[in-house]
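What follows is a single structure, written as structure tokens, with notes after it.
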Amino acid sequence: MSLDSQTKEKIYSRVCDLVARKHFDPGMNGANWEELSKTRKDQILRSSSDEEFEKQIQDLLSELKTSHTGFRHSKSAKIPGRHAIATTFMRCKFDGEQRWMFQDVHEGGPAHAAGLRPGDILLQVRNKELMPPEPPIFPVGEDSQYVVQKPDGKRIVGNLIVPSPRSKSHPVIVPKAVLCSQLPDGIGWLKVTMFPGAVGIDLAKMFDTAIAHLKDSTRLIVDLRGNTGGGIGGLRLMSYLTPGKKEVGYSLTRKRKEKGYAREKLPRFGHIPSHKATLLWLALRYGFIDKSILVVTEGLGPQKFHGRVAILVNEHTASAGEMLAAFAEENGLATIVGTRTAARLLSGSTFKAGSGYIVGLPAAAYLTWQGKLIEGKGVTPSVPVELLPDDLQAGQDPQMQKAIEIVRGM
């Protein structure tokens, strides 16, 4: 059912009000929200369809140039590929045209389960040719037929099913969050695709298991390429990078920023609990206070690989992945290798805008202990190494090769 003009105006007014009151800092990237929203109002309200109305509001919000900012209907099935099928893409040339190539394909995810691999070129999705800048979309709850060209020149037609979390007939396919392997020369390899869970109790146990498996490693490579971010569970991995307790950084809400603060006096979060029963205690401790929190490592003691660590990042490493990389870089705990990270490190919240629409807004920023804002800047590797389409098609990984070379020389 199409929205009438009165409903559109109510939704638009709600969106404008939410940004003005809830967005961490509407002017942080030089955007004047009050002026922008007034200037675009008439054009947006004259939208010829609900889809155009949604798109124009999304375009307006994009002027804020902050992550975790968006507008969509709650029933929308449009989810980026990195979340829907657990993969990332890079641009490549194919028959003289720009196309999308699979880059990070996370083990256990829908794309990996379907046999798709880095270096595959995506030619069609749902009988439609996809060319940059249009992003690959695989609707949740629907089948998506695809056509890819493999590095050996073969064309493959397949079908991807991206189950809805509410689906009873098809289980949700989730990529493995943590993988590890022992490489030659005492090098441990630890791959982290995401940081699931708000507190990360289960994830912390995965890190404990992985580090125990790599107990004889005298060097460590942490691979965060394509990491989509998540919750605070990455604190356990950060704690394994340094023996004692060390300040990581802090979240900062708009209210706290405007009121003034001393970072040392912010509530401290420095331990991931072992049992989920503790979550009630955490909710009571942190649930009714300002969300500005100081994060401190757990003090897990020395590891054999300390001082000989490399961390791999790329342009898709986001959110909590960037927090970890920034912490290691700032404290000299690892050599960062790869390409500049996604620069998306804000804490987001969602708000109802009426008629089933939802507004996503950043509710808090994150700063390192030295006061660096990662949002919009990212983490720049000290050893920059590009990964090119030709590398993927040839099955080569110059970023990984460089990381191995670096830790061997430490």
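The values are calculated or read from the model by the stated rules, or taken from the named source; none is laboratory data. Not measured: the values here are computed from a predicted model. When we count neighbours, we look across all protein chains shown, and the Cβ atoms used for this are built from the backbone with ideal geometry, even at glycine. Keep in mind that these areas ignore ligands, DNA and RNA; they rest on the heavy atoms of the full protein, side chains included. Shrake-Rupley method; radii C 1.70, N 1.55, O 1.52, S 1.80 Å.
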Treating cross-link reach as a plain straight distance, find the lysines whose alpha-carbon is under 18 Å from the alpha-carbon of K402, omitting any fewer than eight places away in the same chain. K191
Along the dipole axis of the chain (charges at Cβ: +1 for Lys and Arg, -1 for Asp and Glu; origin at the Cα centre), the most positive-end residue among L203, P133, L252 is L252
For P(r) over Cα pairs in 20 Å bins from 0, in percent, the listed values are (i) 30, 57, 12, 0; (ii) 24, 56, 19, 0; (iii) 28, 63, 9, 0; which was obtained by calculation from the structure presented? (ii)
Over what distance in Å are the Cα centres of segment 299-340 and segment 211-267 separated? 10 Å
Listed here are the pairs K22/K65; K55/K352; K265/K291; K154/K176; which of them are more than 19 Å apart at the Cα? K154/K176
For segment 10-150, what is the charge dipole size about the Cα centre, in debye to the nearest 20, if Lys and Arg each add +1 at the Cβ and Asp and Glu each add -1 at the Cβ? 200 debye
Computed about the Cα centre, the charge dipole of the chain from +1 Lys/Arg and -1 Asp/Glu charges at the Cβ has a magnitude in debye, to the nearest 20, of 1200 debye
Rounded to the nearest 500, what is the chain's calculated 222 nm mean residue ellipticity when only DSSP H runs of at least 4 contribute -39500 (n - 2.57) each, over all residues? -8000 deg cm²/dmol
Checking A353, A262, A84 against a Gaussian network model of the chain (alpha-carbon springs below 10 Å), the top fluctuating residue turns out to be A262
Once the whole set of protein chains is in place, how much accessible area is left on D95, using a 1.4 Å probe, in Å² to the nearest 10? 130 Å²
Cα-based reach from K150 at 20 Å (exclusive), listing aspartates and glutamates while leaving out same-chain residues under 8 positions away: D95, E97, D104, E107, D120, E129, D390, D391, D397
Computed over segment 296-410, the relative contact order (Cα-Cα under 8 Å, seq sep at least six) in percent reads 27 percent
What aspartates and glutamates could a cross-link reach from K41, if we take a straight Cα to Cα line under 18 Å and drop same-chain neighbours fewer than 8 places away? D4, E9, D17, D50, E51, E52, E54, D59, E63
